[in-house]
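For reference, the structure discussed in these notes is given below.
The values are calculated or read from the model by the stated rules, or taken from the named source; none is laboratory data. Given the structure is predicted, the values throughout are model-derived calculations rather than measurements. When we count neighbours, we look across all protein chains shown, and the Cβ atoms used for this are built from the backbone with ideal geometry, even at glycine.
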Amino acid sequence: MDPATLLSLDARHVWHPYAPMPAKVPSLLVSEANGVRLTLADGRELVDGMSSWWSAIHGYRHPVLDAALAAQAGRMSHVMFGGLTHEPAVLLAKTLVDLTPDGLEHVFLCDSGSVSVEVAAKMCLQYQRSRGLPGKRRLLTWRGGYHGDTFTPMSVCDPEGGMHSLWRGVLPDQVFVPAPPSGFDTPLDPSYVDVLAKEIEAHAPELAAVIVEPVVQGAGGMRFHHPGYLRALRELTEAHDVLLIFDEIATGFGRTGALFAAEHAGVTPDVLCLGKALTGGYLSMAAALCTPVVADGIARGELPVLAHGPTFMGNPLASAVANASLGLLAEGTWRQDVARLEKGLLDGLAPARDLPAVSDVRVLGGIGVLQLDHPVDMAVATEVATGHGAWLRPFRDLVYAMPPYVSTDDDLGVITRAMLAVAEQA
Ligand code: PLP
């Protein structure tokens, strides 16, 4: 079909994320994605600064991932997971147990990050119920977070000005505490730890779990914090008989410079949510991992099973490509790659400090952020970025990038120059 017809059908029939129907702003038509480049139907090439929302860490059409997918498709694309199992899923679960912080031993494979947060919350609420404590059913989280778009994740997203504030009053009523002071290297503020301690203690009888994004609050504001607050959370949750969930859907698989952000703090949560880069961005798959304490607690309850079972759970294609992606990470070059991204982003974004609209420049691992003092018009900002040869998706007062790990210094130059141009024209 010709591009103009495709785009007009797209605008009329296809609902895009966070977009009205029918669409007001036309999408860009992508015909191919190779390495770090998106090729548009009109022939333009864009260097991808977004890794398709944190996921395509090895770039597109990676030969190892393509081969793993093709080989698996030749054997088995899908079988139901109830009563059946298969090698790709078993190997994936075992590798995830080996790679994630010690103590997480059980893996629930599901389809999307939001569902893994649902599963994590269900595990925690059911664990408390099984112990005869059904009143422990709320979640405590810090403000400024983002955990997905289904109802439980929405209930722990930033309650004010956040994307889901429309639903306050309809969503489960959770407990919100202030977000930690901003800055990965900003020294720990003991008075903030006191605030956490008071809130957790006060709400402990009704709390099933605390849920946070460790080290980086992503779509809620792209803020970084000191890992010490995660250690404080671990101590406080243990002291007050509350479970701890880390949502590493965005931060997992190397993005912050550690394989998992929890490693910066040396902390094991009771439940860990993974997604996005799990399959190297090839297919939709996520996971919720938990400790034997959580699983055994559930097994002792009146309903001894976790009543959750998505149709495409453990999908063999997604499992096989996830195994291949983890194999690439095991080769270890991602560490140098992410360190190189960090340097490229720091150097490339440094001039932004002199721009009047930029109030903060922050970089951690493979994440670069320009904080503006006012919101951008997303359509205009995207046009400026594409005009500079980069694919970016600035939103609210944030111009940010998390490029694929395989981006070269030249690619990073394109991305950072485009970010500066967006900030200059904002
Ligand atoms: N949690 C975090 C930290 C995320 O960044 C996201 C997605 O951006 C989600 C959960 C939801 O994941 P998904 O979009 O796969 O449902």
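Tabulated results
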| read-out | value |
| --- | --- |
| Conditions (1) within 16 Å of the ligand (Cβ to nearest atom); (2) modelled with pLDDT of 95 or more; (3) surrounded by 12 or more Cβ atoms within 10 Å (Cβ to Cβ); number of the one not met by W15 | (3) |
| Residue check, A287 closer than 22 Å to L243 by Cβ, crowded, with 24+ Cβ neighbours inside 10 Å and in contact with a Ser or Thr (Cβ under 9 Å, 6 or more places away or on another chain) | yes |
| Residue, nearest to the chain's Cα centre (by Cα), within region 152-163, restricted to residues that are within 12 Å of the ligand (Cβ to nearest atom) and either more than 13 Å from A179 (Cβ to Cβ) or basic (K, R) (or both) | P153 |
| Tally of residues being in a loop (DSSP other than H, G, I, E, B) and within 28 Å of P181 (Cβ to Cβ) across region 105-146 | 4 |
| Checklist (1) in contact with a Phe, Trp or Tyr (Cβ under 9 Å, 6 or more places away or on another chain); (2) within 18 Å of D270 (Cα to Cα) applied to F151, failing item | (2) |
| Residue ID - nearest to the ligand (Cβ to nearest atom), chosen from residues in region 243-261 that are more than 18 Å from M222 (Cβ to Cβ) and in contact with a Ser or Thr (Cβ under 7 Å, 6 or more places away or on another chain) | F260 |
| Every residue from region 2-16 that is under 25 Å from the mean Cα position of the chain (by Cα) and farther than 22 Å from R44 by Cβ | W15 |
| Failed item, numbered, when G281 is tested on (1) at pLDDT 95 or above; (2) more than 16 Å from the ligand (Cβ to nearest atom) | (2) |
| Residue, farthest from the ligand (Cβ to nearest atom), within region 33-59, restricted to residues that are surrounded by fewer than 16 Cβ atoms within 10 Å (Cβ to Cβ) and in contact (Cβ under 8 Å) with a residue 12 or more places away in the chain | D42 |
| Counted residues, region 144-163 - those being in contact with a helix residue (DSSP H, G or I) (Cβ under 7 Å, 6 or more places away or on another chain) and surrounded by fewer than 18 Cβ atoms within 10 Å (Cβ to Cβ) | 2 |
| So P3, is it over 20 Å from D337 (Cβ atoms) and in contact with a Gly (Cβ under 9 Å, 6 or more places away or on another chain) | no |
| Wholly within region 1-100, strands (runs of 3 or more DSSP E) carrying at least 1 residues that are farther than 20 Å from Y282 by Cβ | 37-40, 45-48 |
| Residue in region 264-277 that is under 21 Å from L326 (Cβ atoms), in contact with a helix residue (DSSP H, G or I) (Cβ under 6 Å, 6 or more places away or on another chain), not in a helix (DSSP H, G or I) and not small (G, A, S) present | yes |
| Tally of residues being more than 23 Å from A286 (Cα to Cα) and within 12 Å of the ligand (Cβ to nearest atom) across region 115-146 | 0 |
| Contacts under 6 angstrom Cβ, first residue in region 353-375 being part of a loop (DSSP other than H, G, I, E, B), partner among the small types (G, A, S) and crowded, with 23+ Cβ neighbours inside 10 Å, 6 or more apart | L355/A423; A357/A423 |
| Boolean, D149 is within 15 Å of the ligand (Cβ to nearest atom), part of a loop (DSSP other than H, G, I, E, B) and farther than 22 Å from L289 by Cβ | no |
| Lone qualifier among H78, H86, H62, H106 - being touching a residue at least 40 places away in the same chain (Cβ under 8 Å), more than 16 Å from the ligand (Cβ to nearest atom) and touching a Cys at 6+ places or on another chain (Cβ under 6 Å) | H106 |
| Test: S191 is over 16 Å from the mean Cα position of the chain (by Cα), hydroxyl-bearing (S, T, Y) and outside any helix (DSSP H, G or I) | no |
| Check on L274, within 14 Å of the ligand (Cβ to nearest atom), in contact (Cβ under 8 Å) with a residue 40 or more places away in the chain and touching a strand residue (DSSP E or B) at 6+ places or on another chain (Cβ under 8 Å) | yes |
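Yes or no, residue by residue, for (1) within 14 Å of the ligand (Cβ to nearest atom); (2) aliphatic (A, V, I, L, M); (3) at pLDDT below 95; (4) within 20 Å of the chain's Cα centre (by Cα):
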site: D241; (1), (2), (3), (4): no, no, no, no
site: T268; (1), (2), (3), (4): no, no, no, yes
site: L289; (1), (2), (3), (4): no, yes, no, yes
site: A295; (1), (2), (3), (4): no, yes, no, no
site: G301; (1), (2), (3), (4): no, no, no, no
site: H308; (1), (2), (3), (4): no, no, no, no
site: S319; (1), (2), (3), (4): no, no, no, yes
site: L328; (1), (2), (3), (4): no, yes, no, yes
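This table checks each residue for (1) crowded, with 20+ Cβ neighbours inside 10 Å; (2) touching a Pro at 6+ places or on another chain (Cβ under 7 Å).
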{"residue": "T311", "(1), (2)": "no, no"}
{"residue": "A320", "(1), (2)": "yes, yes"}
{"residue": "G348", "(1), (2)": "yes, no"}
{"residue": "V376", "(1), (2)": "yes, yes"}
